[in-house]
Amino acid sequence: MSTGNRTLSDTSMQSGVHPVIVASTVAFALSRGLSMDQISLATGLDGQDLVAGCSRPPEKALPLIWKLLAETVPSDAPLTMEMAKATPFSFFADVAHGMQFADTVGDAVSLLVDHQRVLSDQINSELIIDQDRAVLIADHPYDGLDDGRTAEMTKALAWRLIRHLAVEPITPLSVEFAHAPTGEIAGYRDLFGVTPTFEAGRSAIIVSRSMLDVPIQHASSELFVYVKKHLAAQEHHLHLNRVADPLAPLKTAVIVASERGDFSPPTVARIADMGYRQAQRLAARHGTTLGTLIDQNRFELARGLLSSTRNTVESIALVLGFAYDRAFRRAFNRVFGMSPSEYRRTNDHRPIHPQKRVLKE
């Protein structure tokens, strides 16, 4: 992805959105006539990154897809409401699964707010309750990139989910959006049951305080407790990846690239949603290089491939991106102090510590 218009810091580049959210949006875009090549060009991500669900795509992916839809698919009706009507609730991943076991609508909405980081690292949502009303507010740093379309769709689908779970019909008091409408007003009214207020300075769904007490159809206290623990564990894992290991985005990108047989540092940087120089600086700040991270993964793969006698050294060299098996043999000997054939005979299990590359990558 081009880095010419980046305004994010290295740290924010490590954030991402749940892969099922992006995959669902890609599926909708394809159904409206866009091609995967168009989507890949707009987002700077390979089609496999967008639909395979092997890692969290960058936060920009969603609004960039919606921006592309707005520019290429003419429609009087708001496309966001069309997607909200048709998309499965699995869009909200395990959070939606847990909401169905809450005792009340209030508990379900609180679960969505409390575990928002499972869905997106940068979304900011809050449930504000006073004596008569409850206000669900949500915003995202990229809301302006697609003129609010991601905000529209996610709020509409969330409302549809809440309405589906409740044991009785529910209607919001009002709906507010910070941006101008993206389609005919009737499309919004049809889904929400009320006409939203646009350019309101915030995006929010406002309901009566009593609506929070409406029971959920399939409430189960035992399962609700289990799901909350499961979601907390997911958040803890995501936190460790972001904070405890600052190189996690690069390491994940190395694995994704290697699955395609691509071991080039520029490709790794692109998959990590970073500029090449930016990725180099991040690796250098933590005492390594992109080449070293790639080699660590590459030689781990080599050991696995050598464990099977059906794989020739020549075929392994090709799979690992070496132009010649001689180059692979030299590199392997440099790391392990033995040839691939000798390693195969001894089944060595020494840890991999490739020499740091000092040449310009």
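Screening Asp114, Asp139 for residues that are within 26 Å of Ile185 (Cβ to Cβ) and of a type in the set (D, E, K, R) leaves exactly one candidate, Asp139. Checked against the criterion of being farther than 30 Å from Ile294 by Cβ and among the β-branched types (Val, Ile, Thr), the range 220-235 contains one or more residues that satisfy it. Is it fair to say Val105 is crowded, with 22+ Cβ neighbours inside 10 Å, farther than 19 Å from Glu59 by Cα and either at pLDDT 95 or above or not assigned by TED's automatic domain parsing to the domain that holds Ala23 (or both)? Against the criterion (crowded, with 22+ Cβ neighbours inside 10 Å, farther than 19 Å from Glu59 by Cα and either at pLDDT 95 or above or not assigned by TED's automatic domain parsing to the domain that holds Ala23 (or both)), Val105 qualifies. The residue list Ala331, Ala317, Ala323, Ala269 contains one member that is within 27 Å of Val17 (Cα to Cα) and modelled with pLDDT of 80 or more, which is Ala269.
For Pro63, indicate whether it is part of a loop (DSSP other than H, G, I, E, B), under 28 Å from Asp94 (Cβ atoms) and either among the charged types (D, E, K, R) or out of contact with any Cys (no Cβ under 8 Å at 6 or more places or on another chain) (or both). No; evaluated as a whole, the condition is false for this residue. Just so you know, in the range 32-60 the residues that are within 14 Å of the chain's Cα centre (by Cα), without any contact (Cβ under 8 Å) to a residue 40 or more places away in the chain and in a helix (DSSP H, G or I) include one that is nearest to Leu145 (Cα to Cα), and it is Leu50. Before we move on, is Pro181 surrounded by fewer than 21 Cβ atoms within 10 Å (Cβ to Cβ), modelled with pLDDT of 95 or more, assigned by TED's automatic domain parsing to the domain that holds Leu231 and over 28 Å from Leu238 (Cα atoms)? Here the answer is yes, as Pro181 does meet what is asked. Being touching a helix residue (DSSP H, G or I) at 6+ places or on another chain (Cβ under 6 Å) and surrounded by fewer than 17 Cβ atoms within 10 Å (Cβ to Cβ): is that true of Thr195 here? When the stated conditions are applied, Thr195 passes them.
The test for being out of contact with any Ser or Thr (no Cβ under 9 Å at 6 or more places or on another chain) and either without any contact (Cβ under 8 Å) to a residue 40 or more places away in the chain or buried (at least 17 other Cβ atoms within 10 Å of the Cβ) (or both) holds for Arg270.
When the range 128-156 is filtered for residues that are within 21 Å of Pro58 (Cβ to Cβ) and of a type in the set (A, V, I, L, M, F, W, C), the ones remaining, listed by number, are Ala138, Leu145, Ala151, Met153.
Determine whether the range 75-91 contains at least one residue that is touching a helix residue (DSSP H, G or I) at 6+ places or on another chain (Cβ under 7 Å), of a type in the set (Ser, Thr, Tyr), at pLDDT below 95 and not in a loop (DSSP other than H, G, I, E, B). Yes: one or more hits. Which of the numbered conditions does Tyr188 fail, given that it passes all the others? Conditions: (1) modelled with pLDDT of 90 or more; (2) over 30 Å from Leu79 (Cβ atoms); (3) aromatic (Phe, Trp, Tyr). Tyr188 satisfies every listed condition except (2).
Every test in (1) in contact with a helix residue (DSSP H, G or I) (Cβ under 8 Å, 6 or more places away or on another chain); (2) at pLDDT below 85 is passed by Leu231 save one, and that test is (2). Right, Glu300: touching a residue at least 40 places away in the same chain (Cβ under 8 Å), outside the structural domain of Leu45 (by TED's automatic domain parsing), surrounded by fewer than 20 Cβ atoms within 10 Å (Cβ to Cβ) and touching a Cys at 6+ places or on another chain (Cβ under 9 Å) or not? It is false that Glu300 is touching a residue at least 40 places away in the same chain (Cβ under 8 Å), outside the structural domain of Leu45 (by TED's automatic domain parsing), surrounded by fewer than 20 Cβ atoms within 10 Å (Cβ to Cβ) and touching a Cys at 6+ places or on another chain (Cβ under 9 Å). Pick from the range 273-283 the residues that are surrounded by fewer than 20 Cβ atoms within 10 Å (Cβ to Cβ) and without any contact (Cβ under 8 Å) to a residue 60 or more places away in the chain: which of them is farthest from Thr43 (Cα to Cα)? Out of the qualifying residues, it is Arg277. Screening the range 119-205 for strands (runs of 3 or more DSSP E) wholly inside it with 2 or more residues that are under 17 Å from Val109 (Cα atoms) and without any contact (Cβ under 8 Å) to a residue 60 or more places away in the chain returns the ranges 124-129, 174-176. Just one of the numbered conditions (1) modelled with pLDDT of 85 or more; (2) assigned to a loop (DSSP other than H, G, I, E, B); (3) outside the structural domain of Ser120 (by TED's automatic domain parsing) is not true of Thr309: (1).
The rows are residues; the columns are (1) over 26 Å from Ala151 (Cα atoms); (2) in the same structural domain as Gly148 (by TED's automatic domain parsing); (3) surrounded by 17 or more Cβ atoms within 10 Å (Cβ to Cβ).
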residue: Asp190; (1), (2), (3): no, yes, no
residue: Ala200; (1), (2), (3): no, yes, no
residue: Ser203; (1), (2), (3): no, yes, yes
residue: Ser208; (1), (2), (3): no, yes, no
residue: Leu250; (1), (2), (3): yes, no, yes
residue: Ala257; (1), (2), (3): yes, no, yes
residue: Arg285; (1), (2), (3): yes, no, no
residue: Thr288; (1), (2), (3): yes, no, yes
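The values are calculated or read from the model by the stated rules, or taken from the named source; none is laboratory data. Predicted model only: the values in this text are computed from it and were never measured. Note that we place each Cβ from the backbone using ideal geometry, even for glycine, and neighbour counts take in every protein chain shown.
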